[in-house]
Amino acid sequence: MAIVSAYEQVFNRVDFSSEPLAFQEFEACTFKACNFSKQDLSRVNFIECDFIECELSMCKFMNTGFKDISFDRCKLLGLYFNDCNSLLLGFKFKKCHLNLCTFQGVSLKKTIFHECTLEEVDFTEADLSEAAFDRCDLHKSIFQQAILTKTDFRTAVNFNIDPDSNRIRNARFAPDNLVGLLKKYGLKIE
């Protein structure tokens, strides 16, 4: 069966939430203010696509491919990125809401999170080597057995990372946010 593809198309204010997608693969496409909410995107591939001000909350990502994807000002709540196709995975996030998402065991090497809200996100066993959390809120996010080698947390806030439960060699922190590494000790830093 042939794969039905869309190439270099612009989708503006399209509501994809109510019916199945007409395409199985989107390459070099732009989605502006589109609604994918609660859509089953399983086995759909997105390659070098831009999502701008889109709603993707509660979508299903079973074996979904996201290669070289940019999310800008998108709402991405309650998503299981760990269900995606790990061979087609690469993101940039700018000013997105990623609350209640799961990246458990996902390779996010060199991923940029810029001015994002990442509350209660599960990064258990994720590889965040050389990733950056630039001005991100990580309130109640979980970092357990994560690889945080050279990860940049200098401008991140509200994180709680146990250095004994994660690999944090050469991770970058600012003096102001070191309290996020010491919470487990119950210290009063004044």
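The values are calculated or read from the model by the stated rules, or taken from the named source; none is laboratory data. Quick caveat, the model's predicted, so the values are computed rather than measured. Don't worry about glycine lacking a Cβ; one is built from the backbone with ideal geometry, like all the others, and counts go over all protein chains shown. Please note that ligands, DNA and RNA were not included when accessible areas were found on the heavy atoms of the full protein model with its side chains. Shrake-Rupley method; radii C 1.70, N 1.55, O 1.52, S 1.80 Å.
A residue that is within 29 Å of Glu27 (Cα to Cα), touching a helix residue (DSSP H, G or I) at 6+ places or on another chain (Cβ under 7 Å), touching a residue at least 12 places away in the same chain (Cβ under 8 Å) and crowded, with 16+ Cβ neighbours inside 10 Å can be found somewhere in segment 105-115.
When segment 47-95 is filtered for residues that are in a loop (DSSP other than H, G, I, E, B) and among the β-branched types (Val, Ile, Thr), only Thr64 remains.
Of the residues making up segment 23-46, those that are part of a loop (DSSP other than H, G, I, E, B) and over 17 Å from Gly65 (Cβ atoms) are Ala33, Cys34, Ser37, Lys38. Within segment 48-69, the set of residues being open to solvent by 30 Å² or more (accessible area, probe 1.4 Å), touching a Lys or Arg at 6+ places or on another chain (Cβ under 8 Å) and closer than 19 Å to Lys110 by Cα comprises just one member, Glu48.
Flag not set for Lys32, criterion: among the basic types (Lys, Arg), within 22 Å of Lys110 (Cα to Cα) and modelled with pLDDT of 95 or more. Total residues in segment 30-55 satisfying the condition of being among the hydrophobic types (A, V, I, L, M, F, W, C) and touching a Gly at 6+ places or on another chain (Cβ under 6 Å): the figure is 0. State whether one or more residues within segment 116-129 are within 22 Å of Ile47 (Cα to Cα), among the charged types (D, E, K, R) and either open to solvent by 30 Å² or more (accessible area, probe 1.4 Å) or part of a loop (DSSP other than H, G, I, E, B) (or both). Looking through segment 116-129, none of the residues is within 22 Å of Ile47 (Cα to Cα), among the charged types (D, E, K, R) and either open to solvent by 30 Å² or more (accessible area, probe 1.4 Å) or part of a loop (DSSP other than H, G, I, E, B) (or both).
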